[in-house]
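Before any comments, here is the structure.
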Amino acid sequence: MAVPGTWNVQSKELFWYEGSGIYMRTFRYAPREAGERALLCFEGAAYEASVFLNGVFLGTHDGGSTPFTVDINGVVKPDNRLIVVVDARRSPLRVPMNNTDWFNYGGLYRDVYLARVPGVYIKDWFVRLVPDGTFSKIRADVVVVGGDGKVVLAIPELDVQEEITLRDGAGRGVFAVNPESLSLWSPENPKRYDVSIRLLPEGDGAGGGAGGDLVQDRGDLIRDRIGFREIKAQGQEILLNGKKIFLKGVSVHEDHALLGKTTTPEVIRETIRDLKEMNGNYLRLAHYPHDRRFARIADEEGVLLWEEIPVYWAIAFGNKNTYQDAENQLAELIKRDRNRVSVIIWSVGNENPDTDERLRFMSGLAKRARKLDEPRLVSAACLVNHTKLKIEDRLSEFTDIIGINEYYGWYDPDFDKLSQLLSNSSPDKPVIITEFGAGARSGQRGSTDDLFSEDCQKALYLKQIATFKQYPFIAGLSPWILYDFRCPRRFNRYQEGYNRKGLIDADRKTKKLAFSVMREFYKER
Ligand code: GCB
């Protein structure tokens with residue numbers, strides 16, 4: 001099997017396979033300097049991965065879309081045999097559970113690599129603007145493994161060169177920057193600054209020459225490109241850098257006809273090109289963490305992102321281990337992407353009915369997200385109250401933005417309910433319509449009543465947009481969905497294994513009629 005790659009698209013026999021796969025390879029390793037540590041890094045293994053090196057079991061990771069690292073010191077030798085058992089089985093206790101509306105790809109579908117770090121190394125950093133409306137302070141948190149001492153954080157373009165003292169492997173600093181010279185990141189101005197964090201050996205002073213010559217770009221010198229901006233929810237509005245913004249978006253799955261769930265920078269850039277052709281500025285990365293490179297490219301391209309964990313439909317909300325798994329996936333996602341300026345919203349889930357157990361579970365996740373990342377917004381894609389026809393979900397007390405999925409005119413054919421629902425609601429927070437849409441097979445034409453025709457999809461988009469325009473509390477849209485995607489639940493004669501609600505066919509080329517409805521609307525906005 002090629003790694004990265006999902007087994008489902010690499011072998012016909014394995015297309016529907018959902019059990020375990022055993023990966024084995026040998027590799028040679030020789031440290032380049034004394035004290036070096038070796039780490040095995042996995043960007044994504046679906047779903048459970050157990051790692052064995054030279055016959056020694058090193059651990060198991062749960063969660064199909066977040067990265068993890070295995071410390072192999074003491075076990076690694078000059079000649080090594082690595083075995084990774086990846087289990088893609090679905091289960092009601094996992095996150096997501098066994099029932100989803102997307103394809104269950106399995107395997108080592110993202111990069112796996114060996115990292116060499118010094119004995120003392122920088123493991124984690126979080127550099128962001130303090131969200132107090134003054135655009136004049138930057139806060140940095142740094143975590144170091146293997147020792148204490150100091151780090152020097154430098155942002156040369158902003159004249160920042162500051163020392164942070166570490167205690168028990170962690171340090172925090174707040175630095176003044178001149179708001180006049182700070183160029184704030186936005187879709188129109190995707191400005192990023194070169195940021196470096198350099199570890200000084202214990203006892204060294206900042207700027208001292210001692211560390212300088214010894215330092216290499218490995219683990220005691222971090223280089224990143226970070227943008228600075230402020231994102232806020234205020235009343236019914238979303239404010240980017242203090243100004244009201246409308247999120248002109250669309251949802252997208254990580255699904256490719258040839259690659260499955262594996263992606264490449266080219267595919268990511270193509271997605272962003274299609275969004276921009278639609279005059280959009282925002283993507284909902286549904287329903288699980290997408291590849292790490294997505295947010296990096298979005299930073300560069302000026303695209304705002306909603307990122308999500310797969311707390312989808314009827315998770316085992318009463319199960320402690322399921323909660324631990326969900327919280328761990330959330331923490332791994334936030335730690336991976338919190339330096340990415342493009343990410344403005346963490347979503348703690350999608351379409352779960354409002355029960356006490358679910359409220360406990362998801363409010364716990366919302367609180368955890370705020371702890372790990374105080375300046376970002378928290379949301380979830382919720383259902384509406386269908387009985388009262390009202391936007392109402394107890395979880396919204398714990399979120400900054402209310403996300404709602406609605407399919408009036410599709411699953412519920414009575415389209416008039418949408419206006420009733422919106423008129424009945426007076427949300428105290430901004431609302432994003434996180435999903436709406438209709439299925440259409442590309443090339444299928446017919447009347448506006450012919451289900452699965454492009455004409456029917458287009459007509460519904462026109463009606464949805466005309467309705468949204470009347471409700472100023474709607475602060476953004478992410479219709480379902482940019483591209484058709486594989487889906488084992490969808491096997492009628494139009495679907496043939498795909499969810500056909502895409503605005504673009506699964507070939508990622510053929511645009512359906514509704515694409516131009518969104519393009520025109522976003523142009524006008
Ligand atoms: C939804 C789900 C999404 C589905 C979509 C559909 O509400 O959130 O995952 O794919 O509806 O097409 O039914």
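Farthest toward the positive end of the dipole of the range 7-117, out of ASN80, GLN10, GLY59, is the Cα of ASN80, where the dipole comes from beta carbon charges about the Cα centre. Full extension of the chain segment joining LYS12 with ARG32 gains 3.0 nm, where the gain is 0.36 nm per residue of separation less the Cα-Cα distance. Taking 17 Å as the straight-line reach from the Cα of LYS123, the lysines in range (excluding those fewer than 8 positions away in the same chain) are LYS150, LYS335.
Working ranking of peptides 26-35, 457-466, 438-447 by packing, defined as the average number of other Cβ atoms within 10 Å per residue, highest first, is 457-466, 438-447, 26-35. For the range 7-117, the fraction of alpha-carbon pairs lying more than 24 Å apart is 30 percent, rounded to a whole number. Over what distance in Å are the Cα centres of the range 355-376 and the range 293-317 separated? What the calculation gives is 16 Å, centre to centre. Orientation-averaged projection of the range 247-524 equals 13.8 nm² [convex hull of Cα atoms, one quarter of hull surface area].
Per residue, the average separation of C-alpha pairs within less than 8 Å and at least 6 apart gives the chain a relative contact order of 12 percent. The charge dipole of the chain, taken about its Cα centre with unit charges on the Cβ atoms of Lys, Arg (+1), Asp and Glu (-1) only, comes to about 580 debye. The modelled label-to-label distance for the pair ARG81/SER181, using points 7 Å beyond Cα in the direction of Cβ, is 5.9 nm. Compared with the dominant principal axis of the Cα atoms in the chain, helix 454-468 is inclined by about 80°.
Summarised as an ellipsoid, the range 58-107 has semi-axes of 30, 11, 9 Å, derived from the eigenvalues of the Cα gyration tensor scaled by 5 and square-rooted, with the largest first. Got a sec? How would THR6, THR355, THR434 order by Cβ neighbour count within 10 Å, fewest to most? In increasing order of surrounding Cβ atoms, one gets THR355, THR6, THR434. Cα to Cα, under 21 Å, and not fewer than 8 places away if on the same chain: which lysines meet these conditions relative to LYS390? Partners found: LYS417, LYS429, LYS463, LYS469.
Both radii come from the Cα set of the chain: Rg as radius of gyration, Rh as Kirkwood radius; their ratio Rg/Rh reads 0.98. The label point for ARG525 and the one for ASN385, both projected 7 Å from the Cα toward the Cβ, are 2.7 nm apart.
Between the Cα long axis of helix 292-301 and the first principal axis of the chain there is an angle of about 80°, rounded to the nearest 10. Output the 0 to 90 degree angle, nearest 10, between the alpha-carbon long axis of helix 320-337 and the longest principal axis computed from the alpha carbons of the chain. That works out to roughly 70 degrees. Counted over the chain, the DSSP beta bridges are approximately 70% antiparallel.
You can think of it this way: the chain between TYR411 and ASN319 has 30.0 nm of extra reach, that is 0.36 nm per residue less the Cα-Cα gap. Couplings for the range 86-99, taken from phi via the Karplus curve 6.51 cos²θ - 1.76 cosθ + 1.60 with θ = phi - 60°, read 10, 10, 9, 4, 8, 8, x, 9, 8, 10, x, 7, 6, 10 Hz in order; Gly and Pro are left as x. Roughly how far apart, in whole Å, are the Cα centres of the range 162-190 and the range 449-496? For the range 162-190 versus the range 449-496, the Cα centre distance is 41 Å. Taking chymotrypsin sites (Phe, Trp or Tyr not before Pro) across the range 333-430, the ones in a DSSP loop with at most 13 further Cβ atoms lying within 10 angstrom of their Cβ are TYR411.
In summary, the aspartates and glutamates within cross-link reach of LYS191, defined as a Cα separation below 19 angstrom excluding same-chain residues under 8 places away, comprise GLU157, ASP159, GLU180, ASP224, GLU230, ASP299, GLU300, GLU301, ASP337.
Every number here is computed from the coordinates shown, using simple stated rules; none is lab data. Because the structure is predicted, anything quoted here is derived from the model rather than measured. A quick note on method: Cβ atoms are made from the backbone with ideal geometry, for glycine too, and the neighbour counts reach across all protein chains shown.
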